[in-house]
Amino acid sequence: MPGQPVGQGRPRFTTRGRYPHAVDPPKSRQYKNLVKKLAYDAYQGDPLDGPIRIKLIHYFEIPKSYSKKRKKACLDGTERPTKKPDIDNVYKGIADAMSGIIYQDDKQIVEDMQEQWYSLTPCVKVEVIQI
């Protein structure tokens, strides 16, 4: 998935009639829609059933304020992203968006592996395996 990884934001609650309703923040909603579109384009079969393993590699843009030495360390892998968004928030948004497209429900995910790196081209690489 091209572009800077986006973490799942905290939902806002509104009331419709007598019941509260959770609403995703606009940035999270846009990112989930992008993930859904890319998932539909990448996978045309029926949603997988049974246990799933998911691997996500997040590649973040190197901050422009970093020195040449620090940028080199980022590209060499000696400096890794430790700023927001949290790794689990990025995972949650992607897992939710692929639910019903790649697999039936994100409760099927029984194993996951995640990594965060810096890159000249920010993106997220996703691998889903039925086990």
Below 27 Å, Cα to Cα, which lysines can LYS72 reach? Residues fewer than 8 away in the same chain don't count. LYS55, LYS64, LYS83, LYS84, LYS125
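For TRP117 and ARG53 in one chain, what is 0.36 nm times their gap in residues minus the Cα-Cα distance, to one decimal in nm? Could you put the intermediate results ahead of the total?
Values: separation 64, 0.36 × 64 = 23.04 nm, distance 2.06 nm.
Extra length from TRP117 to ARG53 when fully extended: 21.0 nm.
Please give me, ordered by residue number, the trypsin sites (Lys or Arg not before Pro) of the range 1-105 that lie in loop per DSSP and have at most 12 other Cβ atoms within 10 Å.
The qualifying sites are ARG18, LYS64, LYS83.
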For labels at ASN33 and ARG16 in the simple 7 Å Cα→Cβ model, what's the distance in nm? 1.7
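Using 1/(1 + (r/R0)^6) with R0 = 30 angstrom and r between the beta carbons of ASP41 and ASP105, what's the FRET efficiency to the nearest 0.05? Mind dumping the intermediate values first?
Values: r = 21 Å, r/R0 = 0.70.
My answer for the efficiency is 0.90.
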What do you get for the angle between helix 87-98 and the principal long axis of the chain? Use alpha-carbon atoms, 0 to 90 degrees, nearest ten. 40
Using the Cβ atoms and a cut-off under 13 Å, what net charge is assigned to the surroundings of LEU38, where Lys and Arg are +1 and Asp and Glu are -1? +3
How about the range 44-104: which chymotrypsin sites (Phe, Trp or Tyr not before Pro) there lie in a loop by DSSP and see at most 16 other Cβ atoms within 10 Å? TYR66
For MET1, MET98, order by how many other beta-carbon atoms lie within 10 Å, fewest first: MET1, MET98
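Every read-out reported here was derived from the displayed coordinates using simple, explicitly stated rules and does not represent laboratory data. Just so it is clear, the model here is predicted, and its values are computed rather than measured. Positions of Cβ are generated from backbone atoms using ideal geometry, with glycine treated the same way; all protein chains shown enter the neighbour counts.
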